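The values are calculated or read from the model by the stated rules, or taken from the named source; none is laboratory data. In this text, all values refer to a predicted model and were calculated from it rather than measured experimentally. Cβ: placed from backbone, ideal geometry, glycine included. Neighbour counts: every protein chain shown. Ligands, DNA and RNA are stripped out before the accessible areas are found, and what is left, the full protein with its side chains, is counted by its heavy atoms. Shrake-Rupley method; radii C 1.70, N 1.55, O 1.52, S 1.80 Å.
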Amino acid sequence: MDDSKMPAGKVKKPGKRGRKPAKIDLKAKLERSRQSARECRARKKLRYQYLEELVGGRERAICALREELDMYKQWCSAMDQGKIPSEIKALLTADEKTNHGGTKTSKSKSHGGGHAP
């Protein structure tokens, strides 16, 4: 009710006690904001480093796959000309050796029970 006795247009200004904590709060708030910004920049830097490493790995994988694709294209063009590339011959001979050794054991296992056919 004391407020009604004050003349219109005049606003009660806070004393020094009210201002001083506000200044301290403002400084503290600014410092917290700066610290938060520093932490945000650090997180952003780490995120970009991680993404750059990820992209680098993917780019290396793409290069390796392109080289492999080029090799297969060369093999196909050689076979279209009636030539069998030495790499394919080596793969076929290695595959034959492993299949013959594995085929004998798989036949004996496939009859089951060890009975003669």
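In table form, for the structure just shown:
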| quantity | calculated |
| --- | --- |
| Pair list, Cβ < 7 Å and 6+ apart or interchain, from the stretch 69-83 residues that are aromatic (F, W, Y) to residues that are open to solvent by less than 90 Å² (accessible area, probe 1.4 Å) and in a loop (DSSP other than H, G, I, E, B) | W75/P85 |
| The stretch 71-90: number of residues that are hydrophobic (A, V, I, L, M, F, W, C) and outside any helix (DSSP H, G or I) | 1 |
| In the stretch 52-84, residue nearest to the chain's Cα centre (by Cα) [restricted to those that are of a type in the set (S, T, N, Q) and surrounded by 10 or more Cβ atoms within 10 Å (Cβ to Cβ)] | Q74 |
